[in-house]
Amino acid sequence: MAILDERTVDFISTSVEQTVRLGVRLGELLQADDCLCLSGELGAGKTVFARGVGRGWGSTVRVTSPTFTLINEYPRLPDGRILYHVDGYRLEGEGDIFTSGLEDVVGSGGAMMIEWPERVASVLPADTLWITFTYVNDMRRSLRFMANGERSMTLLREFRQRAFGV
């Protein structure tokens, strides 16, 4: 793990299980209106990480890719708050964004994780924790965490402590 500055952390995951565990650690820290942007090529580990986030959030429903549904909802027991999992891959413009229901999710009081956030940038909150996934080889993925705002900086700091002890 490399701390590049107070807003940026790099990490190389060496297994699917490790990527899931990182997601769990982050999911345990999420609060209402937090936004995770999961960026990277197909097969880079976004949905694997999201599976861990859902588990850490406290959902009893297994996280799956929302590529065809666009938005999946994962309620947390015991408070019923929702973790929204959005996939922007199939959205191609402003019209698609507005008909997808994404506008209703932003600021709804739930936490969000958005795959392919570049495609929905116009409706993203300003304060996001951006995680870029890069395929290194069959077992290794590079994850870069970048905080963009006060809340995401707090989230990154707490995540660093919980996941890496620093």
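The values are calculated or read from the model by the stated rules, or taken from the named source; none is laboratory data. Since the structure is predicted, the reported quantities are computational estimates derived from the model, not experimental observations. Here the Cβ is made from the backbone with ideal geometry for all residues, glycine too, and neighbour counts use every protein chain on show.
Thr128: without any contact (Cβ under 8 Å) to a residue 40 or more places away in the chain, of a type outside the set (A, V, I, L, M) and surrounded by 15 or more Cβ atoms within 10 Å (Cβ to Cβ), yes or no?
Considered against the rule, which asks whether it is without any contact (Cβ under 8 Å) to a residue 40 or more places away in the chain, of a type outside the set (A, V, I, L, M) and surrounded by 15 or more Cβ atoms within 10 Å (Cβ to Cβ), Thr128 comes out as no.
I need the strands (runs of 3 or more DSSP E) fully contained in region 9-90, keeping only those with at least 1 residues that are β-branched (Val, Ile, Thr), surrounded by fewer than 22 Cβ atoms within 10 Å (Cβ to Cβ) and out of contact with any Leu (no Cβ under 8 Å at 6 or more places or on another chain).
82-87
With respect to Val48, is the statement that it is in contact (Cβ under 8 Å) with a residue 12 or more places away in the chain and more than 22 Å from Val120 (Cβ to Cβ) true?
no
Tell me which residues, restricted to region 1-59, are of a type in the set (Lys, Arg) and in contact with an Asp or Glu (Cβ under 6 Å, 6 or more places away or on another chain).
Across region 1-59, the qualifying residue is only Lys46.
Restricted to region 68-91, and to residues that are within 11 Å of Ile114 (Cα to Cα) and of a type in the set (Ser, Thr, Tyr), which residue is modelled with the highest pLDDT?
My answer is Tyr84.
Out of Leu143, Leu156, report the one residue that is modelled with pLDDT of 95 or more, part of a helix (DSSP H, G or I) and among the hydrophobic types (A, V, I, L, M, F, W, C).
Checking each option against the conditions leaves just Leu156.
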